[in-house]
1. Kindly state which helices (runs of 4 or more DSSP H) lie completely within the stretch D:171-250 and contain at least 1 residues that are over 18 Å from the mean Cα position of the chain (by Cα) and within 7 Å of another protein chain (Cβ to nearest Cβ).
2. Residues that are within 30 Å of A:ALA54 (Cα to Cα) and either at pLDDT 90 or above or away from every other protein chain (no Cβ under 14 Å) (or both): which helices (runs of 4 or more DSSP H) entirely in the stretch D:22-127 hold 2 or more of them?
3. Restricting to the stretch E:153-211, give me the number of residues that are within 21 Å of E:ALA104 (Cα to Cα), among the small types (Gly, Ala, Ser) and without any contact (Cβ under 8 Å) to a residue 60 or more places away in the chain.
4. Scanning for something under 30 Å from A:GLY297 (Cα atoms), touching a residue at least 60 places away in the same chain (Cβ under 8 Å) and surrounded by 19 or more Cβ atoms within 10 Å (Cβ to Cβ), does the stretch A:44-65 turn up at least one residue?
5. Can you pull out the residues in the stretch C:10-42 that are in contact with a Phe, Trp or Tyr (Cβ under 7 Å, 6 or more places away or on another chain) and within 7 Å of chain B (Cβ to nearest Cβ)?
6. Cβ contacts < 7 Å: first residue among the β-branched types (Val, Ile, Thr), restricted to the stretch A:71-87; second residue surrounded by 14 or more Cβ atoms within 10 Å (Cβ to Cβ) and in a helix (DSSP H, G or I), any location; separation 6+ or different chain. Result?
7. Looking at the stretch D:302-330 only, could you name the residues that are more than 18 Å from D:ARG156 (Cα to Cα), charged (D, E, K, R) and within 25 Å of the chain's Cα centre (by Cα)?
8. Find the helices (runs of 4 or more DSSP H) located wholly in the stretch E:53-172 whose residues include 2 or more that are in contact with a strand residue (DSSP E or B) (Cβ under 9 Å, 6 or more places away or on another chain) and within 28 Å of D:VAL295 (Cα to Cα), and list them.
Amino acid sequence: MYDVINHLINTVFGLGWPSWAISLIAYLLVATILFLVAPFQMLFLTYFERRAIAQMQDRIGPNRVGPQGLFQPVADGVKMFTKEDIVPDAADKWVHLIGPCVVVAPTMFMFAVLPWGPGMVPLDMNIGLLFFFAISSVSAVGLMASGWASNNKFALLGAMRAVAQMVSYEIPAVLSLLAIVLVTGSLSIVDLIHQQAGLFISSADVPGIPDLGLGWFVFTPVGFLAFIAFFIAALAEGERTPFDIPEADSEIVAGYMTEYSGMKFGLFYLAQYVLNFLLCAITAIIFFGGWQGPGVGWLYAQAITPTNPDGNGLFNVLAGMLGVFYFLAKTYFFFFVMVWVRGAYARLRIDQLMDFGWKFLIPLTLVNVISAAIWVGLTKWGAAEGLAFVEGWAPLMRWGVAFVITLLLNIAAYIFLARVYSQAQDERARLDNEVLERLTNVA
Amino acid sequence: MDLLIQIIFGLLSALVIGAAMMVVTVRNVIHAALWLIASFFGVAALYLLLEAEFIAVVQVLVYVGAISILILFAIMLTRSNEGDRLLTKYWWASALIALGLFGVAFLPTFTGTTWNMPQPTGPAGTPEVLSGVEELGRGFVSEFVLHFEIAGVLLTVALIGAIVIAFEERSRRRRVLTLAEELELRKRRQAAESVD
Amino acid sequence: MTRAIPLEAVLVVAAALFCIGLFGALSRRNLIGVLMGIELMLNSANINLVAFWRYLEPRFITGPTFAIFVITVAAAEAAVGLAMIIAIYRSWNTVNADSVDSLKG
Amino acid sequence: MLKTEELQINIGPQHPSTHGVFRMIVTVDGETITDLKPVFGYLHRNHEQIAEVNTYLQNMPYTDRLDYFNSMANNHAYALAVEKLVGIEVPERAEYLRVLMVELTRILNHAGALGFLINDMGAWQTQLAFGMREREKILDLFESASGARLMCNYFRFGGVARDLPPDFMPRLKDLLIAMPAFVDEMERLLRENEILLQRSENIGILPKEVAISYSVTGPMLRASGVPYDIRKAEPYSIYDRFDFDVPIGAVGDVYDRILVRIEEMRQSKRIIEQIIQQLPDAQGGHINPKARQNVRPPAGDVYARVETPKGELGFYLVSDGSLKPYRYKVRAPSFINLTPLGDMCRGYKVADVVVILGSIDIVMGEVDR
Amino acid sequence: MDIQRGNIIVMDRRRGKLRAGQGLLQGLKVVWDHWIGSFRKNENFSQIHGTFTIEYPDERMKLPQAYRNMPVLIYDDETGHELCTACYQCARACPPEVIHITQAKDPNTGKMVPASLEFIIEYDACMSCGLCAEACPFDAIKMDHFFELATDDRMGLLQRKADLNRPISYYTTIAPDLWDEVKEGAMKKLQGSIKRRPGVIGIAGHLSDKIAARRRELEAEAAAAPPAPADAAPAAPAGKLSPEEKAAKLAAMRAAKAGGAAPAAEAPAPAPELSPADAKAAKLAAIKAANAAKKAAEASAAEAPAAPVDEKAAKLAAIRAANAAKAAAAEAPAAPVDEKAAKLAAIRAANAAKAAAAEAPAAPVDEKAAKLAAIRAANAAKKKSE
């Protein structure tokens, strides 16, 4: 974006502004585009969700407002704006106002590091992934503040549950990404995508693979287990079923949102849906190769890039469009899976949810980190790092051996943990023997 | 360009100092906690200004993401009746100490000493080579591997310690028996009575 | 960046932050207020570390590593500190620093 | 403010998941429940006093409003009571029509009850939508036979009000094609689902002895392991001509109640198939022509009971020889199944209260009368 | 505890099976089938996939014949006589006692007449249980299929006789089989009760004055000129007959029966030379015969299975719509100019016109006539409201 604007201002109009001014304009322009994209994503996702879940239940879903109900979210938005904004008198006004803002702000930040297409990334930070998760943990503070500010016993309980859930499910999410970062070796999201070219075997491991953009991490056992753990943690992070405890209407009415109405309630709604979109996007990027897909690599090779400046611009646009199409298709598929899960499952109780997170997901991701280490050891390291015997093998051979070992390790870990976890559940539920013993001889 | 950076630095330091002052003086503890979070954000931005990206992000992740929530949880769990006086009896004494320390000790030392700034070696335009995340990671497993392990052990100790201190033992909590357990209990008692 | 802002300016900001933290730790009645003061002091120490690394020897990683160690220590300390505060609150039902004055459990 | 002392939560009458207007005052210690006091009476409509100023036939439409989920079963109980009091005997075809309608109500009620229960567990109405679709089909059949979907008022003394319309049988046979597929699908959704298992296994356990002492009846009693079904224990009308099984549970928790209800839907389908084979098609056989509808029973009293989908619904009528019943008492299964709620919920989490209430499957119309 | 003809099944809770997510996948599979299946409509009862929503205002469910919503009174199209003889059976049978009837009295003799003067049903309290329709010995009160009863004023739900009247033709459109079962008995009883009703008592409200005016016209005409040929006025001039008229009518009835299914247009046999009084009676009888013949023709039309002659039924319906429209115009002077009754009658006329239009499948002519009638009804309502 910087060179486009630079070319526009300096050469076409010849104004000769200083480079920092141009980069300022460029970043401002990108920021405004992202600020438009986020709400539109939210509008489309609410509509998509209501139609999809209606179809799953053999009904039709909104189809009265506008053609096929397309303007339904706009109607919801208008309703959200026009509703009167009630602030409970005993609540302290400032914190009540700041709460939703602090919840929404991080979700906008996270768009900064999201690559939409080849070369189309707002800000290519070399610690992009870590930035993404650091910012997402800030919204928990906003939840806490809004829960406290509405001075209502239920809201506070709901807020504490929500924050406890978000914080405790951040650990498996970050750990599962740790495994992938181990395999790729870099925290930057753009590198992550570049390493997912190739056909089922990423070209980073075996250079000879024809680059069809399908070398996704999910085809490796490490990546697959990380994908499952990450997606479950993302469900919990975005408060989707089966982890939507905070606004579990059947227990505590609407959790931390009870005392909000009108625009502030809309903000919570916006924050939740944008966060869901971002989590689906990150799942698509890390495990399913973001904008990687057949043809994008080839198109981008001809385009104008820092490496080959004399390609022709048309390919930039083509590669960009195809890349964005692949990226959005994958993201919407994952959002469809989120809606699908919402349609199929009941809700977990708060203590079961914590149990599941700490006793099943975190050990699973730790094992996955070990298998990632084995994978890196076998495929990338040579004699320098002390693995002399691997030196002679062909890359395909090394990839195969690594695949088999990690696959066995992961499956064994999964089965073992599932058995231990279900026994622990039964144990918890069965009668508490030692308590009964103690009480019998007490009487 | 330098002017822009100076303006930004001025704003950031004003944010950090202002928020810190508010943390100390504001009456309601929750507001104090929120101001604390604001100052953490200020400090993170300062790190970015000093081009220590990784530290800035870790600061946001750890301080704003975890410690402030811990503080908020603690405040809400211990809502005691609002103390009438905000500050302890001898608050002016501690104020004097702080000011004295700042005026007498820090200011002259920092401004007085001459720091041996490294002269820029290469031609003017070359960006200095900064030790980014790569070197940090490599350093953690080579030179600083001992410190790294100790930090790990410290964290686990703190984790277990916090749980042991804060957690109410099961016995003290009154155990509520479900219907099935009561029935079981009655059966056992009858069995016990019939035996003796 | 180092040309625009002299090292002393950053150090002064860190020192100011430290003093405010010290004042907060010493004078606030609420135990959690004291803890917040301590957090501020640790933060100021961190700023110094990073400033020295950035200005004096940017190529070595001792500065950032110790900054990270300070952060981990701060996190551990906050966790244990708050656990103690909650335990005190449960037994004495108050969080005021003054009234917690005897060692009986 | 949030020290974990006794906290009183009011899961109030307008709570989204109490079935109708029903309030529970729950005292909570932390997350576990220490005591639960049910409060109801919000839907009391003086049903039994109104019955004393109505003639016997005029009471028939009012019995629809007792358990408004299955009105046919209520009519059946009342009709049996009056026929026993007056001594009217019912022709063959009418008996078959009656049992057909009651068994269809059983399927309808269990499909709805399971849907509501899963909905209380937070499943966003998907199973409820499937259950409601089957329920709508059966309600359409009721509408074509009796004239109304819910308030059928279809039973008369000595038979049923109207014979089946010509298009009833083909649609019923279609429904029976869809029924096994629907029940299997419901079972595939519910039986193995780990999340549902965690939310329903060993929750709200009602041991066998306690269930009997609380005189609980219906699926709840059978889930606790007592194989007591009035259709088998004291076969009324023509239930002795059909062979069907009685499912019982092992532990008596929410999961067993779900399984028992699914199995009962299958057994009802078996009964309907047998009815279709044995249905005599005597013209005008739907009612006993000699039975006068405004009956004047001899002085005396009677108690008739029927196995409705919720339990044992009994009518105790005392007549003093006049046109109006002297005393009209309804033994409502939901009311009596609700009494052990306080005991059953003690010791479980707040989130389980709603699930346990849903598993009891009550309808407030019958509880408050 | 053992039971006969069936065994006790203990539900198997499948413990000990490794629960590692298979159940969850099955759940997803079920929902996926429904998602895939929901892109087509769910036709009949045997399918469990497919969308089953019926978008109410546009598509409507076909109501079964036995459907019952609110009770209405039936009157005979030809004679305009209501079937209700105010025998109070329905008032006695109604559980919430919402039916209030006052019986009509013969003005000159003071005796009770088998017809209702005013018939009120409180629609808001009525629970449409159908007991009144079963209790009525004269099949005068039937359950309607009209459920769009939303109104903004409570008194609107207090339905008087004028609002309750529905012609038999309307009832046969909504519940043909139910009417066929009771038709003979009902008609016989109707004839019986018509005999015992003097003057215009017992005729549906909106038709009574028109018929009275028609009768006066007939007397004047008979008195002024010798017996003119019976005109084909559709108005049915049936009133209380004096004894000799009764005799003439009997003769005419017998002639009509002898005439068999002769088409209505056949001129009645030339009456023998009678005294002027007899002339009037004969003429009356002629008209009666024409009516009887027409009814016979219409009966034949109804009997003929799915008669190919749709146009005649459509034309009949159109005429009937015209009557209703004319009736709307000639609102009974006795009732206060009641804005709502006019509007209700106009709506009913429009319904009847729509029913007529819906009933005549293809013939463009009938649509035009029905539309004509609807427009005329609308104009009448508008004229009435100024």
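The values are calculated or read from the model by the stated rules, or taken from the named source; none is laboratory data. Predicted model only: the values in this text are computed from it and were never measured. A quick note on method: Cβ atoms are made from the backbone with ideal geometry, for glycine too, and the neighbour counts reach across all protein chains shown.
1. Counting at least 1 such residues, we get D:194-200, D:208-213.
2. D:92-120
3. Total meeting the criteria: 1.
4. Within the stretch A:44-65 (the criterion being under 30 Å from A:GLY297 (Cα atoms), touching a residue at least 60 places away in the same chain (Cβ under 8 Å) and surrounded by 19 or more Cβ atoms within 10 Å (Cβ to Cβ)), the answer is yes, since at least one residue qualifies.
5. C:LEU11, C:VAL12, C:ALA15, C:ALA16, C:CYS19, C:SER27
6. A:VAL74/A:LEU43; A:VAL87/A:HIS96
7. D:GLU307, D:LYS310, D:GLU312, D:ARG327, D:LYS329
8. Ranges flagged: E:89-93, E:131-135.
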